[in-house]
Every structure is written in C-alpha cells, then in structure tokens.
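As structure tokens, the structure follows; a few thoughts come after it.
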Amino acid sequence: MDAEFATPAVPALLPTRRAGRQRVLMTADTVGGVWQYALELCTALVARGHEVVLATMGAMPNRDQRREAAEIPDLALHSSSYKLLWMDDPWNDLRGAGEWLMGLAAREHPTVVHLNDFGHGAFPWPAPVLLVGHSCVLSWWQAVHGVPAPPSWQRYRRCVRNALQAANLVVAPTHAMLHALRTHYGALPEGRNRFTHFLPSMNRLACRSWRPRWLAVRWCSATSTACARTGRVPRCSSRRLTMPRLHGRCRA
C-alpha cells in the first residue's frame, strides 16, 4: 500500500474485548528524542497494567537502547532499520515498513495504535490511531531558513496531510506545533486534535547524561487507553502543566 496516495479511512472507535487492560502497538525511532519519549510512555502504560508492543525504525537500537528497553517489564520490542519519512528518499522503506507494521498488527491484535511518525498514519490499521506530531520538516524549514520548504518536499507534505486526516486523534506538544500542523497541512478534523505539554521523568532529570526532552507521558497514556476503552476522544484537561525552569522559558 502506498501511504502517499492512501485514502484516509478512520476506523470506528469501538469498545475493546477487555474493559480494562489494553494492548498498545507503538512506533518510535532510535535516532532522536522520540526514543526517550517512547520509553517513558511505555513505562507509564506498563505500570498501569497495559501491554505494549514497541516497533522501532530509523536504525537498529544500540546496546544502551536495548538495555533501556529490557528494563521495562514485559515490553515487546521489535526493531528495524527502515528509513523515517523525513530522511533522504524514504519511499521504498516507507512501503516496506508499512508491510512490516501491518504484519505486526495482524499478529499482535492491538486495541489502540500509537504512532510517533507521520509515515504510516493513513495505513489501514485495525484499531483506533493516536498520531503524535512531535515536529515536521515544513515548519522546521520555515523557522530555520525563513522561507517555505522547496517543491521537493511536496510528496512529504501529501503523506503527512493524509496521515493527519486519517488519525482518530492528533496530539501535539504545544499550541504552536498544533498551529504549525494546521498551517502547513490544512485544517485538522474537528474534535480530533489536542495539545499537551511534554514532561520529563524526574529520574532522568537527575541523570547528568540525559539530554532534556519533552515527554507526553501522563496525558498520552490516558488518551491511548481511553480511545480504545470508551470509544470517545477524551477532553484535554484545562489545567496547564508548567515546564521545569531548568529548561528555560517555553510557551505554547
């Protein structure tokens, strides 16, 4: 299946086979901050009694990353080196990764799919899809170069737009990122987009070697399971969570 030209088809949000415990299929990459985000979220989900299958792309995890994943009880890690959507000429890898992920979904029977990359949002997933827009090339290019991304990124734009339209819920770390997604890829489906601040684990803040990342653990873990369990998109809490001061000033 070609994700670029896929027709967005939002799967129905149905009650799961089990009212409590959920089975989450989550994607991540091993080449950036999403890896640490995914581990924090997996830890939170497992601690709440849910099952997590983590599928990674971008590069094979190194020894330290495998050790970190192994420290999460019962986490099922599946690794690959398929290119990510923002990488050079990713299209063949995108299709290959899609087939691999569809195979995982068929075997693992997830009750919710949590995607941390735009590349496969428009694929025919068998469960509700939560898509996190951590960042995107078009907004990065505009911010860094002061001009729109060149025409060579139009195929990327179409793929991201299809993914955003197909997802049951789109989550972004800030209002600014959510606005950037709307600006560069068009209006998001009404009632299916939210923002949340990403919060770091206090344990990792105490580790000198840890590089600060925003981690959407509390809200995303609740959202992933609530989508599958209740068949409804949960409302975002009106209470704003403040960023630790050591990261400097950051406004949504």
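Only the coordinates and a few stated rules stand behind these numbers; no lab work does. Note that the structure is a prediction, hence the values are computed from the model and not measured. For neighbour counting, all protein chains shown are included, and Cβ atoms are generated from backbone atoms with ideal geometry for every residue, glycine included.
Annotations for the structure displayed:
- Whole-Hz couplings from phi, Karplus 6.51/-1.76/1.60, listed for the stretch 46-52; x for Gly and Pro: 4, 5, 8, x, 9, 9, 10
- Taking 7 Å steps out from each Cα toward its Cβ at Thr183 and His109 produces label points 4.6 nm apart.
- Extending 7 Å from Cα along the Cβ direction at Arg67 and again at Gln142 yields two label points whose distance is 4.2 nm.
- The modelled label-to-label distance between Arg158 and Ala176, using points 7 Å beyond Cα along the C-beta direction, is 3.2 nm.
- Distant-in-sequence amide contacts of Tyr82, defined by a placed amide H-H separation under 5 Å and a gap of 5 or more residues or a different chain, comprise Gly58.
- In sequence order, calculated HN-Hα J values of the stretch 112-128 (Karplus, 6.51, -1.76, 1.60; Hz; x Gly/Pro): 8, 10, 10, 9, 10, 8, 6, x, 10, x, 9, 6, x, 5, x, 9, x
- In this structure the amide hydrogen of Val52, modeled in the peptide plane, comes within under 5 Å of the amide hydrogens of Val24, Ala76, none closer than 5 places in sequence on its chain.
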